[in-house]
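The values are calculated or read from the model by the stated rules, or taken from the named source; none is laboratory data. Because the structure is a prediction, the values reported are computed rather than measured. Using ideal geometry, Cβ is built from the backbone for each residue, glycine included, and neighbour counts are taken over all protein chains shown.
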Amino acid sequence: MRLAGLLVVIAATAAALGSQLPASSSSRVASPIDVLRSEHRGALGAADGAVPDGTTLFDDEVPGVANLDPALLGALRRAATDAADDGIEFFVDSGWRSPEYQRQLLREAVSEYGSEEEAARWVATAKTSAHVSGDAVDIRPVDATAWLSEHGAWYGLCQIYGNESWHYELRPEAIAHGCPPMYPDPTHDPRMRQ
Ligand SMILES: [Zn+2]
């Protein structure tokens, strides 16, 4: 019964979030790349940034967490601690990734989406990915990202891409000025055109 209740809450939250998103992404809770990622999570070692299920921001022994930029990790931990007071737990879906891991994700995305152009809307190259530099984290579940979308700016934590509600980076100026406008997807980010 409790699980069923939880699923209803998750579905309702997802529906509420989905209604704010463009029609193309409103029909699903998890993106194809999320599914792809969890299917292949076991194929890559933790040393490359694969994150075991249930990993939190406080799991220092997981390289995907430990290799994050210290300022980003500090802000995330402060946010996660405050969110816990609201009964919300943050889990890390992906954090730091090795260039090899990023290259594999990109190869998988190209085969999934059929073209490099379409894959680029979801997965960056090893050279441009903020995950490879330790400057980005993907958070789950949906109630955690909903909490971050409401309170993240207080910690300098911002959603960067409209199509990635789970992807957060540190924008210290957001504490005073709020988060900058989002790019619709990574192809609009000047950092991705290198
Ligand atoms: Zn991400």
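Give 112, 150, 118 a once-over and let me know the one that is over 29 Å from residue 80 (Cβ atoms) and without any contact (Cβ under 8 Å) to a residue 24 or more places away in the chain.
Details: 112 fails: without any contact (Cβ under 8 Å) to a residue 24 or more places away in the chain; 150 fails: over 29 Å from residue 80 (Cβ atoms).
Result: 118 is the single residue among 112, 150, 118 that is over 29 Å from residue 80 (Cβ atoms) and without any contact (Cβ under 8 Å) to a residue 24 or more places away in the chain.
In region 129-148, the count of residues that are more than 20 Å from residue 73 (Cβ to Cβ) and basic (Lys, Arg) is zero.
Screening residue 88 with (1) within 16 Å of the ligand (Cβ to nearest atom); (2) part of a loop (DSSP other than H, G, I, E, B) gives one miss only, at (1). Between 160, 175, the distinction of being within 16 Å of the ligand (Cβ to nearest atom) and either among the β-branched types (Val, Ile, Thr) or more than 18 Å from residue 76 (Cα to Cα) (or both) belongs to 160 only.
The test for being in a loop (DSSP other than H, G, I, E, B) and either more than 17 Å from the chain's Cα centre (by Cα) or modelled with pLDDT of 95 or more (or both) does not hold for residue 10. When residues in region 105-133 are screened for being more than 16 Å from the ligand (Cβ to nearest atom) and among the small types (Gly, Ala, Ser), 3 of them pass. Of all residues in region 74-108, those satisfying the criterion of being of a type in the set (A, V, I, L, M, F, W, C) and closer than 16 Å to residue 144 by Cβ are 75, 76, 79, 80, 83, 84, 88, 90, 91, 92. Residues that are surrounded by 16 or more Cβ atoms within 10 Å (Cβ to Cβ), closer than 22 Å to residue 70 by Cα and of a type in the set (Asp, Glu) within region 136-186 comprise 138, 169, listed in sequence order.
Contact annotation: residue pairs with Cβ atoms under 7 Å, 6 or more positions apart or on different chains, pairing a residue in region 130-145 that is over 23 Å from residue 193 (Cβ atoms) and among the acidic types (Asp, Glu) with a partner that is assigned to a helix (DSSP H, G or I) and away from the ligand (no atom under 11 Å from the Cβ), are 143/13. Which condition breaks for residue 105 when tested against (1) modelled with pLDDT of 95 or more; (2) within 29 Å of residue 184 (Cβ to Cβ)? Of (1) modelled with pLDDT of 95 or more; (2) within 29 Å of residue 184 (Cβ to Cβ), only one is false for residue 105: (1). Pairs are defined by a Cβ separation below 8 Å, a sequence spacing of at least 6 or placement on different chains, a first member in region 162-176 that is small (Gly, Ala, Ser), and a second member that is more than 9 Å from the ligand (Cβ to nearest atom) and assigned to a strand (DSSP E or B); the pairs so defined are 162/183; 165/159; 174/157; 174/158.
Check whether at least one residue in region 64-78 is over 22 Å from residue 165 (Cβ atoms), of a type in the set (Lys, Arg) and more than 13 Å from the ligand (Cβ to nearest atom), and report yes or no.
We begin by selecting, within region 64-78, every residue over 22 Å from residue 165 (Cβ atoms); these are 66-67, 70-71, 74.
When the remaining residues are screened for being of a type in the set (Lys, Arg), the result is none.
Checked against the condition, which is being over 22 Å from residue 165 (Cβ atoms), of a type in the set (Lys, Arg) and more than 13 Å from the ligand (Cβ to nearest atom), region 64-78 yields no hits at all.
Selection over region 94-107 of residues that are in contact with an Asp or Glu (Cβ under 8 Å, 6 or more places away or on another chain) and either closer than 20 Å to residue 70 by Cβ or buried (at least 24 other Cβ atoms within 10 Å of the Cβ) (or both) gives a count of 5.
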